[in-house]
Amino acid sequence: MEREVFEDEQVAELLNKKYVSIKVDREERPDIDSIYMSFCHAYTGSGGWPLTIVMTADKEPFFAGTFFPKFGRYGMPGIMKILSAISDKWNKDKDDLIKSGDKLKKVVEMLEGVHDKEAMNESVIHEAFKELKVSFEPNYGGFSYAPKFPSPHNILFLFRYYYFINDESALFMAEKTLESMYKGGIFDHIGYGFSRYSTDNKWLVPHFEKMLYDNALLSMAYSEAYAITKKELYREIAEKIYKYILEKMTSLEGGFYCAEDADSEGVEGKFYVWDKLEITEALNHEEAAEFSKLYDISEEGNFEGKSVPNLIKKDLQELSEDKALENRMNKIIERLSIYREKRIHPFKDDKVLTGWNGLMIASLAIGGRLLSAKKYINAAEKASSFIFENLINEKGRLLGRYRDGEAANLAFLDDYAFLVWGLIELYQSTFNISYLKKAVELNKDMISLFQDKSGDGFYLYGEDSEKLIFRPKEIYDGAMPSGNSVAAINLVRLSHITGDRKLKDIVERMYNSFGGTVYQNPAAYIGFVTAYMYSIIPNTEVVIVGEKEDLGVKSMLEEVNNRFLPFSSLIINNGENDILNIIPHIMHCKKISSKATAYVCQNYKCNEPTIDLSRFKELIRENKHSLTLS
């Protein structure tokens with residue numbers, strides 16, 4: 001629409017003469033996007049981007065739509081005709097336009113603010129699983145046909161369901177999806193990283209745009225898949241995603257850029273696709289033939305006469321067993337990557353968004369400890385330092401966006417929730433008490449700024465933010481889990497870690513406030529259902545007494561980090577005041593015989609403390625399948 005409409009001189013002339021034109025970056029202002037997208041749904045029955053809104057100077061909308069060509073075609077009205085008609089109507093009877101818009105706005109405001117209240121129970125977890133099972137596509141994984149989105153929070157839910165319910169089908173669905181996505185063209189086999197979504201059922205042809213949040217959540221999912229299965233494939237995929245992020249999407253200061261465009265030179269995917277001739281130019285004859293056969297590069301191509309490299313028809317298990325082939329392909333891919341670098345690159349959106357950085361920090365902290373890779377934890381720490389050095393204003397308020405030395409926009413709920421998540425994971429990976437302290441402080445600020453005073457969850461924008469026509473409260477888990485979903489998980493986890501029961505009370509009210517809405521379609525609120533799992537599944541608290549540099553402490557940490565333990569919290573008590581001030585209930589945990597000592601507790605009941613590593617392993621194993629939901 002930018003190329004066809006906004007850059008057209010006739011359209012520009014009409015817009016400038018009759019309207020005040022405002023272009024909004026929805027990643028910077030999700031509050032504006034949320035409100036007016038809701039109006040678009042009410043006005044047209046559907047939505048999408050680009051989003052086109054006509055409103056009064058008081059921000060009151062009275063017309064909405066998505067894409068409009070310059071002139072009408074294929075049943076779509078043209079923007080020239082629309083703009084002229086609205087202008088004429090405004091001059092003749094603007095009151096009528098305002099009244100019609102006001103009626104819809106009131107409907108939207110009512111719908112957005114109303115959630116069905118109902119107490120949640122264990123059945124919602126099973127219903128969410130059943131819905132995923134019904135929508136699961138058995139041939140290529142995923143939970144739809146086409147277009148196909150990664151939806152990694154579905155995978156994260158399935159891993160947790162499998163962990164406690166021990167339902168093998170949950171693990172199968174997750175693994176099938178993860179493997180199929182990697183085999184497809186949605187994964188960039190030359191430069192790594194995942195694209196936004198697949199336009200087809202096989203994950204072959206992507207919308208080539210790469211988003212930070214997708215790669216953050218997917219790298220987290222592959223890291224957890226490795227922890228659960230110990231399959232090297234998942235480790236390798238996670239490492240490839242992290243390589244892409246750290247080499248291509250990280251600023252010198254440590255912040256993470258938000259996206260790379262799909263097109264270059266005005267052509268979708270031009271940077272990413274190949275023809276047979278290019279492969280033969282970049283490689284010798286033998287290498288070109290082997291790579292083309294393996295990665296589906298053909299004369300006729302698989303996408304508009306070109307080829308998207310993929311492994312869809314290949315057996316990943318067989319490929320992983322042929323180490324000689326794997327080594328040859330790694331060298332070939334490295335050369336093809338160098339060759340591809342000579343092309344004109346897609347535009348890189350180098351905004352640093354606080355919330356998306358929070359997701360990447362969480363992923364790197366998780367990946368660092370599950371894959372035993374300190375460099376990922378270091379990168380997460382550097383990004384955290386960048387945010388606290390550049391995205392806090394003079395009043396101590398978190399900001400949402402940084403670019404070219406300028407920080408702007410008061411942060412939204414998602415920014416707070418995602419960053420708190422990242423800080424919790426950083427604490428669990430480093431045991432640097434400053435991260436836990438910051439998580440507690442930001443979580444407190446989040447409650448103060450965003451909580452509905454009736455206790456019914458959190459608004460999207462803060463009470464100190466710009467006042468819009470109404471204040472949305474989102475729980476739908478779309479491309480990412482919602483701010484309310486992640487906030488709920490954080491509240492439960494911080495309650496477990498710090499012993500602050502008030503946090504648990506807040507989240508219990510959220511479950512009752514949103515429960516009826518969630519029950520209508522649990523899979524659409526999978527992040528919120530996952531949060532509920534954290535509340536009803538007994539938390540395993542592991543307190544290790546000693547210094548983290550002690551060999552005994554390190555051995556115990558290795559045992560914990562070598563396992564998938566989603567519903568657990570790990571604390572190192574070194575006896576210093578900083579940690580005892582935040583977690584006073586561990587004061588009673590003392591060393592035995594001056595050795596590293598572990599306390600393993602569940603549901604406020606603790607086993608006998610132990611200094612024996614074998615006994616510690618037993619206690620961790622015993623707590624794994626201690627609950628069966630009914």
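The values are calculated or read from the model by the stated rules, or taken from the named source; none is laboratory data. A quick note: this is a predicted structure, and the numbers were derived from the prediction, not measured. Quick reminder, even Gly has a Cβ in these numbers, built from the backbone with ideal geometry, and neighbours come from all protein chains shown.
For the stretch 491-506, the criterion of being modelled with pLDDT of 95 or more, part of a loop (DSSP other than H, G, I, E, B), within 18 Å of Leu449 (Cβ to Cβ) and within 25 Å of the chain's Cα centre (by Cα) is met by no residue.
Scanning the stretch 234-272 for residues that are touching a strand residue (DSSP E or B) at 6+ places or on another chain (Cβ under 9 Å), assigned to a helix (DSSP H, G or I) and buried (at least 18 other Cβ atoms within 10 Å of the Cβ) yields Ile237, Lys240, Ile241, Tyr244, Ile245.
Name the single residue, out of those in the stretch 216-233 being in contact (Cβ under 8 Å) with a residue 40 or more places away in the chain and not aliphatic (A, V, I, L, M), that is surrounded by the fewest Cβ atoms within 10 Å (Cβ to Cβ).
As a first pass, look at the stretch 216-233 and keep what is in contact (Cβ under 8 Å) with a residue 40 or more places away in the chain: 216-229, 232-233.
With the extra rule that they be not aliphatic (A, V, I, L, M), the set shrinks to 219, 222-224, 226, 229, 232.
Values: Ser219: 29, Tyr222: 28, Ser223: 28, Glu224: 25, Tyr226: 22, Thr229: 15, Glu232: 10.
Looking at the filtered set, the residue picked out is Glu232.
Each row is one residue, and each column tells you yes or no for (1) in a loop (DSSP other than H, G, I, E, B); (2) closer than 21 Å to Ala227 by Cα.
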| site | (1), (2) |
| --- | --- |
| Lys331 | no, no |
| Glu334 | no, no |
| Tyr339 | no, no |
| Pro346 | yes, no |
| Gly355 | no, no |
| Ile361 | no, yes |
| Ala365 | no, yes |
| Lys375 | no, yes |
| Ala379 | no, yes |
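Tell me whether the stretch 435-446 contains one or more residues that are over 19 Å from Arg493 (Cα atoms) and either of a type in the set (Gly, Ala, Ser) or in the same structural domain as Glu232 (by TED's automatic domain parsing) (or both). If you could, list the steps in order and put the result at the bottom.
Our first condition is that a residue be over 19 Å from Arg493 (Cα atoms); within the stretch 435-446, this holds for none.
No.
Among all positions in the stretch 345-366, there is no residue which is hydrophobic (A, V, I, L, M, F, W, C), touching a residue at least 40 places away in the same chain (Cβ under 8 Å) and farther than 30 Å from Arg401 by Cα.
Screening the stretch 117-185 for helices (runs of 4 or more DSSP H) wholly inside it with 1 or more residues that are touching a strand residue (DSSP E or B) at 6+ places or on another chain (Cβ under 6 Å) and either within 20 Å of Ala227 (Cα to Cα) or of a type in the set (A, V, I, L, M, F, W, C) (or both) returns no ranges.
Quick check on my filter: what residues within the stretch 61-74 are of a type outside the set (Lys, Arg) and at pLDDT below 90?
Of the stretch 61-74, the ones of a type outside the set (Lys, Arg) are 61-69, 71-72, 74.
The answer is Gly72, Tyr74.
Candidates are the residues of the stretch 273-283 that are surrounded by 15 or more Cβ atoms within 10 Å (Cβ to Cβ) and part of a helix (DSSP H, G or I); the one that is farthest from the chain's Cα centre (by Cα) is Thr280. Where residues in the stretch 284-316 are hydroxyl-bearing (Ser, Thr, Tyr) and either modelled with pLDDT under 95 or more than 31 Å from the chain's Cα centre (by Cα) (or both), which of them is surrounded by the fewest Cβ atoms within 10 Å (Cβ to Cβ)? Filtering the stretch 284-316 for residues that are hydroxyl-bearing (Ser, Thr, Tyr) and either modelled with pLDDT under 95 or more than 31 Å from the chain's Cα centre (by Cα) (or both), the one surrounded by the fewest Cβ atoms within 10 Å (Cβ to Cβ) comes out as Ser298. The set of residues from the stretch 573-593 being at positive phi and surrounded by 14 or more Cβ atoms within 10 Å (Cβ to Cβ) comprises just one member, Gly575.
Need the failing condition index for Pro147 against (1) closer than 30 Å to Asp200 by Cα; (2) not assigned by TED's automatic domain parsing to the domain that holds Glu175, just the number. It is condition (2) that Pro147 fails.
Can you report the number of residues in the stretch 594-606 which are modelled with pLDDT of 90 or more and either more than 18 Å from Asn561 (Cα to Cα) or surrounded by fewer than 17 Cβ atoms within 10 Å (Cβ to Cβ) (or both)?
Our first condition is that a residue be modelled with pLDDT of 90 or more; within the stretch 594-606, this holds for 594-601.
Of the ones still in play, those that are also either more than 18 Å from Asn561 (Cα to Cα) or surrounded by fewer than 17 Cβ atoms within 10 Å (Cβ to Cβ) (or both) are 594-595.
Residues meeting the conditions: 2.
For Lys183, the conditions (1) within 22 Å of Met329 (Cα to Cα); (2) of a type in the set (Lys, Arg); (3) surrounded by 24 or more Cβ atoms within 10 Å (Cβ to Cβ) all hold with the exception of (3). Within the stretch 95-104, does at least one residue satisfy the condition of being surrounded by 17 or more Cβ atoms within 10 Å (Cβ to Cβ), assigned by TED's automatic domain parsing to the domain that holds Leu359 and free of Cβ contacts under 8 Å to residues at least 60 places away in the same chain? The answer is no, given that none of the residues of the stretch 95-104 is surrounded by 17 or more Cβ atoms within 10 Å (Cβ to Cβ), assigned by TED's automatic domain parsing to the domain that holds Leu359 and free of Cβ contacts under 8 Å to residues at least 60 places away in the same chain. Asn409 satisfies every condition listed in (1) surrounded by fewer than 24 Cβ atoms within 10 Å (Cβ to Cβ); (2) of a type in the set (S, T, N, Q); (3) part of a helix (DSSP H, G or I) except (3). Beta carbons closer than 6 Å, at least 6 apart along the sequence or on distinct chains, pair a first residue in the stretch 306-325 that is within 21 Å of Glu278 (Cβ to Cβ) with a second that is of a type outside the set (Gly, Ala, Ser) and assigned to a helix (DSSP H, G or I) for Leu311/Lys183; Ile312/Lys183.
Do we have Glu558 as crowded, with 20+ Cβ neighbours inside 10 Å and under 31 Å from the mean Cα position of the chain (by Cα) here? Taking the combined requirement at face value, the residue does not satisfy it. Within the stretch 412-431, residues that are crowded, with 24+ Cβ neighbours inside 10 Å sit with their Cβ atoms under 6 Å from residues that are of a type in the set (Phe, Trp, Tyr) and not in a helix (DSSP H, G or I), at 6+ positions apart or across chains, in these pairs: Phe412/Tyr461; Leu413/Phe458. Met480 falls short on exactly one of the conditions (1) assigned to a helix (DSSP H, G or I); (2) crowded, with 21+ Cβ neighbours inside 10 Å; (3) modelled with pLDDT under 95, and that condition is (1). Checking Ser46, Ser38 one by one, the residue that is assigned by TED's automatic domain parsing to the domain that holds Glu13, modelled with pLDDT under 90 and surrounded by 14 or more Cβ atoms within 10 Å (Cβ to Cβ) is Ser38 and no other.
Elements of the type helices (runs of 4 or more DSSP H) sitting completely within the stretch 513-630 and holding at least 1 residues that are among the acidic types (Asp, Glu) and either over 28 Å from Asn166 (Cα atoms) or touching a Phe, Trp or Tyr at 6+ places or on another chain (Cβ under 7 Å) (or both): these cover 551-561, 577-582.
Answer yes or no: is there a residue in the stretch 218-227 that is among the aromatic types (Phe, Trp, Tyr), under 23 Å from the mean Cα position of the chain (by Cα) and part of a helix (DSSP H, G or I). Steps first, answer last, please.
From the stretch 218-227, those among the aromatic types (Phe, Trp, Tyr) are 222, 226; that's our starting set.
Filter once more, keeping what is under 23 Å from the mean Cα position of the chain (by Cα): 222, 226.
Right, trim to part of a helix (DSSP H, G or I) and you get 222, 226.
Within the stretch 218-227, one or more residues are among the aromatic types (Phe, Trp, Tyr), under 23 Å from the mean Cα position of the chain (by Cα) and part of a helix (DSSP H, G or I).
Any residue in the stretch 233-252 that is under 21 Å from Val352 (Cα atoms), within 16 Å of the chain's Cα centre (by Cα) and of a type in the set (Phe, Trp, Tyr)? Yes - at least one qualifying residue is present in the stretch 233-252.
Looking only at the stretch 203-215, residues that are of a type outside the set (A, V, I, L, M, F, W, C) and surrounded by fewer than 23 Cβ atoms within 10 Å (Cβ to Cβ) come to 2 in all. The residues listed here are Ser429, Ser385; of these, the one that is of a type in the set (S, T, N, Q), over 22 Å from Tyr226 (Cβ atoms), part of a helix (DSSP H, G or I) and at pLDDT 95 or above is Ser385.
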